[in-house]
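The values are calculated or read from the model by the stated rules, or taken from the named source; none is laboratory data. Just so it is clear, the structure is predicted and the values come from calculations on it, not from any experiment. Methodologically, a virtual Cβ is constructed for each residue, glycine included, from the backbone with ideal geometry; neighbour enumeration extends over all protein chains shown. The accessibility values were calculated without ligands, DNA or RNA, using every heavy atom of the protein model including side chains. Shrake-Rupley method; radii C 1.70, N 1.55, O 1.52, S 1.80 Å.
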Amino acid sequence: MRLALHTRVRADRVAAYEEAHREVPVELTRAIRAAGCTSWTIWRSGTDLFHLIDCEDYARLLAELETLPVNVAWQARMAELLEVAHDYSGDGADAALPVVWHL
């Protein structure tokens, strides 16, 4: 499945957010792939962040990562940089942007 998410980085934390993503822990990227994600790209426009994720099942991805220590640490780091921290409640479907058009 493919889904898009929109998040927002704090205006005073843009540089720190980009720096963090230059050093994503290998253990975390391996866990993301093991949970069924084949691709995750993030674009930034000002403070708006747009994520495009290709994965087998987003709910499974969230469930497998939610309590994983390396992800818990990463999410704590991201919570300091984002206006709203990632929500692991539910299946994640509410967070996805609706598709308006596709070619």
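Charged side chains reduced to their Cβ positions (Lys and Arg at +1, Asp and Glu at -1) give segment 1-86 a dipole of some 100 debye around its Cα centre.
Taking the protein heavy atoms of the chain in the context of the full set of protein chains, the accessible area attributed to carbon and sulfur is 55 percent at 1.4 Å. Of the GluC sites (Glu not before Pro) found in segment 42-103, those that fall in a DSSP loop while having at most 14 other beta-carbon atoms within 10 Å are 56, 66, 80, 83.
Entry comment: accessible area of the chain is 65 Å² per residue, from protein heavy atoms only and a probe of 1.4 Å. At R0 = 22 Å, how high is the FRET efficiency between residue 76 and residue 101 if r is their beta carbon distance? Nearest 0.05 is fine. Efficiency for this residue pair is about 0.05.
Ranking 41, 95, 55 by how far each Cα lies toward the positive end of the dipole of the chain (charges on Cβ) leaves 41 at the top. Over the C-alpha atoms of segment 11-95, the Rg to Rh ratio, Rh being the Kirkwood estimate, stands at 0.93. Sparse packing (at most 14 other Cβ atoms within 10 Å of the Cβ) combined with a DSSP loop state is found for the following trypsin sites (Lys or Arg not before Pro) in segment 3-57: 10, 22.
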